[in-house]
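Colleague: Here it is, the structure in full.
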Amino acid sequence: MDDNKFRIRIEIAEKFYGLRICRDEEKLARDAAKQIKKKLEEYRRRYPKDTDMKDWLAMVTFQLSMEYLQLEEKNDTAPFIEKIQQMTKLLEEYLGKNK
C-alpha cells in the first residue's frame, strides 16, 4: 500500500464518496467538492424545484467543462513556442552571416 495515499470522504450532490488520494492533493480534492456544491446551489436557486438532481449535475458538469476548456485554450503556449522558434532561426541566420 502506498503510504502517501489516504482515505477521505467528500460530499457531492447529497451523497458521500470515499476516495483514496495523495496527501498533497487533499486540499485540491476538498476544494473541488466545495466548488461543485456551490455551483449546485446556484443552479438549485436559479431553476425550479421540480428540476432533477441529474439535471443540476449535468449543468454543473457542463459549466466546469467550459471553464476548463477556456483555461486550456488561454494557456496554449504552442503559438508562442512557434514564434520563438521562428525568431531563433532568424537570429541564428543573422549571426551566421555576420561572423
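Okay, residues lined up against (1) under 19 Å from Y43 (Cβ atoms); (2) among the charged types (D, E, K, R):
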position: V60; (1), (2): yes, no
position: Q63; (1), (2): yes, no
position: A78; (1), (2): no, no
position: E82; (1), (2): no, yes
position: Y94; (1), (2): no, no
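Colleague: Do you know which residues across the range 32-58 are surrounded by 10 or more Cβ atoms within 10 Å (Cβ to Cβ) and either more than 20 Å from Y68 (Cβ to Cβ) or among the acidic types (D, E) (or both)?
Modeller: Listed by number, the residues that qualify are E41, E42, R44, R46, Y47, T51, M53, D55.
Colleague: A further question on this structure: Hey, among M87, M59, which residue is under 24 Å from the mean Cα position of the chain (by Cα), at pLDDT 85 or above and of a type outside the set (F, W, Y)?
Modeller: Going through M87, M59 in turn, just one is under 24 Å from the mean Cα position of the chain (by Cα), at pLDDT 85 or above and of a type outside the set (F, W, Y): M59.
Colleague: Please pick out the residue among E67, E92, E82 that is part of a helix (DSSP H, G or I), farther than 29 Å from D3 by Cβ and under 25 Å from the mean Cα position of the chain (by Cα).
Modeller: It is E67.
Colleague: I've got another one for you. State the number of residues belonging to the range 3-20 that are more than 26 Å from W56 (Cα to Cα) and of a type outside the set (K, R).
Modeller: Counting residues in the range 3-20 that are more than 26 Å from W56 (Cα to Cα) and of a type outside the set (K, R) gives 3.
Colleague: Taking into account only those residues within the range 28-54 that are out of contact with any Phe, Trp or Tyr (no Cβ under 6 Å at 6 or more places or on another chain), assigned to a helix (DSSP H, G or I) and not charged (D, E, K, R), which is nearest to I10 (Cα to Cα)?
Modeller: A33
Colleague: What pairs come up if the first residue lies in the range 25-52 and is of a type in the set (A, V, I, L, M), the second is part of a helix (DSSP H, G or I) and surrounded by 13 or more Cβ atoms within 10 Å (Cβ to Cβ), and their beta carbons are under 7 Å apart, counting only those six or more places apart or on different chains?
Modeller: Qualifying pairs under 7 Å: I36/V60; L40/W56; L40/V60.
The values are calculated or read from the model by the stated rules, or taken from the named source; none is laboratory data. Computed from a predicted model, the values in this text were never measured in an experiment. Please note: Cβ atoms are built from the backbone with ideal geometry, for glycine as well, and neighbour counts cover all protein chains shown.
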